[in-house]
Each structure stands twice: as C-alpha cells, then as structure tokens.
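Taking it in order: structure first as structure tokens, then the write-up.
The values are calculated or read from the model by the stated rules, or taken from the named source; none is laboratory data. Everything numeric in this text was worked out from a predicted model, so none of it was measured. Note: ideal-geometry Cβ built from the backbone for every residue, glycine included; neighbour counts use all protein chains shown.
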Amino acid sequence: MFILLAIVFGTLLFINRLPDNKPWFLKLQHHYGKGYNYWNDEPDEDSNNTNSNDQNFTVPLDSLASKGILNLDAAAGNFKIEGETKDFLDFSKKGEIGNYELTTSEINGGKNISIKLQEGRAHGSFRKNKVDIKLNPKPAWNLILDIGAAELDLDLSNYKIDTARIESGAASMNIKVGELNPQTVMTFNAGASSINVEVPKNSGCQISSDSFLVSKNFEGFDSKGDHIYQTSNFASAQNKIFITVKTAVSSINVKRY
C-alpha cells in the first residue's frame, strides 16, 4: 500500500513539473475517451485534411426564454465556451471526428438544448475535434458537460450560471466564473485531471472535496473540517458559489480574482 501511494504521489509531482503546464495525459501521442482514439500530434492549422468536416449551427433567440439548459455529450477533443452571441446559442466544430446533432425542446420559461455526436457517424480514430460554443448572456444557464479525455476552457464570467455539472475522463480544465448570479453550483466528476477555477473575490465560495489523492491549492480559503473550505466572506456575500469536486488522482487549483 505504501509503495502504491509513493508511486501515485511521485506521478503527481512529475505532472506538476511538465514544462508547458499541460497534464501528462494530454501530452501522450494518443489517448482514449468514450471509445475513440484521439491522436494529439497537433497538425498545422493550415494543413488540408480531406476527412475534415467543419460544422456550424445556431439556436435562434427566444425573447421569452429566461432559462437555458445545455447538455453536451462528446468524445475527446478541445472544447471552449466563451463569448456572447445575439442568438440563443452558437456552435462551431472543426475536425474529422464526425458530425454533431442538435435537438431543442421547450421547458417552462426556457429551452433545453442537447448536442451530441451522431450515432454511428464518428470515426474511431481522429486528429482533431475542436468545439467552440457561445451563449446568450440574458438567460440563466444550466450546463451539463459529458466529455472524454479533453482540454476544456470555459470563460463563464459573462453568463448567469445556475448550475454546471462536468463529467469527464482525463482532462485539463480552465474555468472562470462570474458574479452575475445570486447562486452558482458547480460539480466536477472526473478521472485523472488538472482543474483550475477562478472565482470573483466579491462572491462567497465554498469547496467540498472528498477526492482521492488530490493536490489542492485553494487560495484565500479557510478549512472548516470534513473536507469543506470557505472564503472569509462566505456568510456575508450577496452572491455565493458552491464547488463540489469528486475526482481520482488530480490537481485542483481555485483562486480568487
């Protein structure tokens, strides 16, 4: 048992010393997620790939919709949610993994948007799967992201986020949360991952982490026992952010801006 712990902690130290701040699982020549083989040899952006199948679609704005649910079910790749759109949602994909399909349905006062790979259309091996999503800042959003081995960049600072649930395999995540909502609840359930979260200083924040063998850096947080950490202004702050982390071997950093 002690030998196993020594190996795992040695691996964490090795990961943190990699030169370009990417975790080891995104440096391998290839990695796997949801049954797909993702080759990460980073071909030139200008190179012509005859298998490439770029894709774009939008969800039109509904002025009566005050809520939005985004359910993204995807394989390995690079995923970004950032920027604003005058539509309800903008989606862009570059790569040869196959096409995504979009379905929408009406909910009470809002829209439920589901984006997933078309069944039977995805290639088993691919070089590129780059997805960019922009959201309208007016609705309050609930995000459900189910991805494989991935790089995930979410700048949510201009959105009203009610909830964000992220399920992933080995992943590198960079997430920035804003202060436009009275309460934001975030849940991470991931494999071996590097998770970096930025939260506003004016918002009270609580972190609950019962993860196994985690390297933690919670800047500006006080331990309250039972794996609970809070900012000093948690009780008095008008806006609150709740973060729950459930991962295996991971590096987790939460800092205030």
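Only one residue in Asp155, Asp146 is surrounded by fewer than 20 Cβ atoms within 10 Å (Cβ to Cβ), touching a strand residue (DSSP E or B) at 6+ places or on another chain (Cβ under 7 Å) and under 22 Å from Thr231 (Cα atoms). Which one?
Details: Asp146 fails: under 22 Å from Thr231 (Cα atoms).
Selected residue: Asp155, the only one of Asp155, Asp146 that is surrounded by fewer than 20 Cβ atoms within 10 Å (Cβ to Cβ), touching a strand residue (DSSP E or B) at 6+ places or on another chain (Cβ under 7 Å) and under 22 Å from Thr231 (Cα atoms).
Does Glu198 meet the test of being over 16 Å from Tyr257 (Cβ atoms) and either under 10 Å from the mean Cα position of the chain (by Cα) or part of a strand (DSSP E or B) (or both)? Explain how you work it out, then say what you get.
Details: over 16 Å from Tyr257 (Cβ atoms): no; either under 10 Å from the mean Cα position of the chain (by Cα) or part of a strand (DSSP E or B) (or both): yes.
So Glu198 fails the test.
For Phe79, state whether it is in contact (Cβ under 8 Å) with a residue 40 or more places away in the chain, closer than 22 Å to Pro60 by Cβ and in contact with a Leu (Cβ under 6 Å, 6 or more places away or on another chain). It would help to see each step written out before you state the result.
Details: in contact (Cβ under 8 Å) with a residue 40 or more places away in the chain: yes; closer than 22 Å to Pro60 by Cβ: no; in contact with a Leu (Cβ under 6 Å, 6 or more places away or on another chain): yes.
No, not satisfied.
What number of residues within segment 224-245 satisfy the criterion of being part of a loop (DSSP other than H, G, I, E, B) and among the aromatic types (Phe, Trp, Tyr)? If you could, list the steps in order and put the result at the bottom.
In the first step, residues of segment 224-245 are kept if they are part of a loop (DSSP other than H, G, I, E, B); the result is 226-227, 232-239.
Still in the list and also among the aromatic types (Phe, Trp, Tyr): 234.
The total comes to 1.
What is the residue count in segment 113-139 for residues that are at pLDDT 90 or above and buried (at least 17 other Cβ atoms within 10 Å of the Cβ)? Outline the logic, then answer.
Narrowing segment 113-139 to residues at pLDDT 90 or above: 113-116, 130-139.
Right, trim to buried (at least 17 other Cβ atoms within 10 Å of the Cβ) and you get 113, 115, 131-136, 139.
Total meeting the criteria: 9.
Tell me yes or no: at least one residue of segment 182-192 is farther than 24 Å from Ala74 by Cβ and surrounded by 21 or more Cβ atoms within 10 Å (Cβ to Cβ). Don't jump to the end; show me each part of the working.
Within segment 182-192, the first condition is being farther than 24 Å from Ala74 by Cβ, and the residues that meet it are 182-183.
Checking which are surrounded by 21 or more Cβ atoms within 10 Å (Cβ to Cβ) leaves us with none.
Checked against the condition, which is being farther than 24 Å from Ala74 by Cβ and surrounded by 21 or more Cβ atoms within 10 Å (Cβ to Cβ), segment 182-192 yields no hits at all.
Among the candidates Asn53, Asn49, which residue alone is in a loop (DSSP other than H, G, I, E, B), of a type outside the set (Ser, Thr, Tyr) and modelled with pLDDT under 75?
Numbers: Asn53 fails: modelled with pLDDT under 75.
Result of the check over Asn53, Asn49: Asn49.
From the residues in segment 74-90 that are charged (D, E, K, R) and assigned to a loop (DSSP other than H, G, I, E, B), which one is surrounded by the fewest Cβ atoms within 10 Å (Cβ to Cβ)? If you could, list the steps in order and put the result at the bottom.
To start, the set of residues in segment 74-90 that are charged (D, E, K, R) comprises 80, 82, 84, 86-87, 90.
The next check asks that each one be assigned to a loop (DSSP other than H, G, I, E, B); those that pass are 86-87.
Numbers: Lys86: 11, Asp87: 16.
The selected residue is Lys86.
Output the residues belonging to segment 155-172 that are in contact with a helix residue (DSSP H, G or I) (Cβ under 7 Å, 6 or more places away or on another chain) and either assigned to a strand (DSSP E or B) or over 21 Å from Lys128 (Cα atoms) (or both). Break it down into steps so the answer makes sense when it comes.
Residues of segment 155-172 that are in contact with a helix residue (DSSP H, G or I) (Cβ under 7 Å, 6 or more places away or on another chain), as a first pass: 170, 172.
Once the filter is applied, which keeps residues that are in contact with a helix residue (DSSP H, G or I) (Cβ under 7 Å, 6 or more places away or on another chain) and either assigned to a strand (DSSP E or B) or over 21 Å from Lys128 (Cα atoms) (or both), segment 155-172 yields only Ser172.
Just the residues that are over 10 Å from the mean Cα position of the chain (by Cα) and either assigned to a strand (DSSP E or B) or under 19 Å from Val249 (Cα atoms) (or both), please, taken from segment 134-154.
First pass over segment 134-154, keeping only residues over 10 Å from the mean Cα position of the chain (by Cα): 134-142, 148-149.
Those that are over 10 Å from the mean Cα position of the chain (by Cα) and either assigned to a strand (DSSP E or B) or under 19 Å from Val249 (Cα atoms) (or both): Lys134, Leu135, Ala140, Trp141, Asn142, Gly148, Ala149.
Out of all the residues in segment 219-237, is one or more out of contact with any Pro (no Cβ under 6 Å at 6 or more places or on another chain), β-branched (Val, Ile, Thr) and within 21 Å of Lys80 (Cβ to Cβ)?
First, the residues of segment 219-237 that are out of contact with any Pro (no Cβ under 6 Å at 6 or more places or on another chain): 219-237.
When the remaining residues are screened for being β-branched (Val, Ile, Thr), the result is 228, 231.
Subset that is within 21 Å of Lys80 (Cβ to Cβ): none.
No, the conditions are met nowhere in segment 219-237.
Residues of segment 223-243 being more than 27 Å from Ala171 (Cβ to Cβ) and loosely packed, with under 14 Cβ neighbours inside 10 Å, which ones?
Lys224, Gly225, Ser232, Ala235, Ser236, Gln238
Considering Lys216, Lys246, which residue is of a type in the set (Lys, Arg) and surrounded by 16 or more Cβ atoms within 10 Å (Cβ to Cβ)? Quick ask: steps written out before the conclusion?
Numbers: Lys246 fails: surrounded by 16 or more Cβ atoms within 10 Å (Cβ to Cβ).
Of the residues listed, the single one that is of a type in the set (Lys, Arg) and surrounded by 16 or more Cβ atoms within 10 Å (Cβ to Cβ) is Lys216.
Restricting the search to segment 208-231, which residues are in contact (Cβ under 8 Å) with a residue 12 or more places away in the chain, farther than 16 Å from Ser194 by Cα and touching a Phe, Trp or Tyr at 6+ places or on another chain (Cβ under 9 Å)?
Ser208, Phe221, Tyr229, Gln230, Thr231
Give me a count of the residues in segment 80-108 that are farther than 20 Å from Lys160 by Cβ and touching an Asp or Glu at 6+ places or on another chain (Cβ under 7 Å).
The qualifying residues number 3.
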